[in-house]
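Some notes on the structure that comes next.
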Amino acid sequence: MTARIYALPTPLAKEQPPATVLALPVRTKYGLQESLPFEWPVVRGSNALAYVAPRVAPGANDTFDQQATSSADLPPAQQWATRLVHGVVEVINGVRPATQLTRWITPEVMTQVQGRIMSKNMPRFNIRSVHVTQTDDGVAEVCSVFGTPNRSFAMAMRLEGLDGRWKATSLMWAL
């Protein structure tokens, strides 16, 4: 098999000498292709990019900790809480993997949820109501009622705005 390799200069490098191909690649007895032997001229002059030192935005926090987010920068708490309660109840029912909630709950809440996963032959829970109260900027408290047709259970959750999204930081329930 014969291959042709073309080395074309970029449109901005017209005044520079074109790249040259020293030799064509050679295949070894194992079928591996050698590295392409291109030789490119060193760019110096008007087309070279000048080094710019990185800048830190004023007031930027140089920590990797979670950053609090204001309620104005978050989606509506009622809508978000309803979806999260549905997700948690689906995990408890055993129809959704718990790892799907990793972005929206803390590790402590994750261990609580994983400890309550029901077996497949248990009756399924249905959500009856979800109520949300915003107690502070970026903080919402959620209470919900769910259960089977014969029994009711309660769940309370605290949502905090962290890193641009609502995140469940505390969870309590009566099962």
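No lab work stands behind these numbers, since they all come straight from the coordinates. Source: prediction; values computed, not measured. Because the Cβ atoms are built from the backbone with ideal geometry, glycine has one as well, and the counts that use them run over all protein chains shown.
How big is the convex hull of the Cα atoms of the stretch 76-129, per residue, in Å³?
On the way: hull volume 4.2 nm³, N = 54.
Value for the stretch 76-129: 78 Å³ per residue.
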Zone of Ser71's modelled label, taken as backbone nitrogen in the stretch 124-156 under 16 Å from a point 7 Å along Cα→Cβ: 131-143
Average projection area in nm² (convex hull over Cα atoms of the stretch 71-174, one quarter of hull surface): 6.1 nm²
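So what's the net charge close to Gln114: Lys and Arg +1, Asp and Glu -1, counting the other residues with Cβ under 14 Å from its Cβ? Provide the component values of the computation, followed by the final result.
Details: positive: Arg96, Arg116; negative: Glu90, Glu108.
It works out to a net charge of 0.
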Net charge of neighbours whose Cβ lies under 14 Å from the Cβ of Phe153, counting Lys and Arg as +1 and Asp and Glu as -1: +4
